[in-house]
Amino acid sequence: MALAGCGTINTVMREDGVAARELKSQKTYCQSIPRVYSGVSYNFCRLNGEPNPDGAFDGHLNFVPFVFVDSLISGILDTALLPYTIYRQSADGSIIIR
């Protein structure tokens, strides 16, 4: 479950449409995500959306403590993947959400 919610996995290892769909379903206000440190950016976009009315863990994995833990893990993975994500950013540009 942790890897399914990991921002880096959603933005680097999967197709761009998957990350865009996930963020659209969570009603984020983000327009795009840069590929460099995309996992951390993905998590900030999850926080920059409509709040969960119950304030509890739900199917969208936007439970605030989980997002902070995931951001830490994503930051480590994003740093390890910097050469690849810098190349992808220059070749493909940012991941468009809207």
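Pairing each residue of the stretch 60-83 that is among the aromatic types (Phe, Trp, Tyr) with any residue that is modelled with pLDDT under 80 and part of a helix (DSSP H, G or I), provided the two are 6+ apart or on different chains, yields C-beta distances under 9 Å for 66/2; 66/5. For the stretch 55-72, the condition of being within 19 Å of residue 32 (Cα to Cα), of a type outside the set (A, V, I, L, M, F, W, C) and at pLDDT 75 or above holds for at least one residue.
The values are calculated or read from the model by the stated rules, or taken from the named source; none is laboratory data. Note that the coordinates shown come from a computational prediction; the quantities given were computed from them, not determined experimentally. Reconstructed Cβ throughout: ideal geometry from the backbone, glycine too, with neighbour counts over all protein chains shown.
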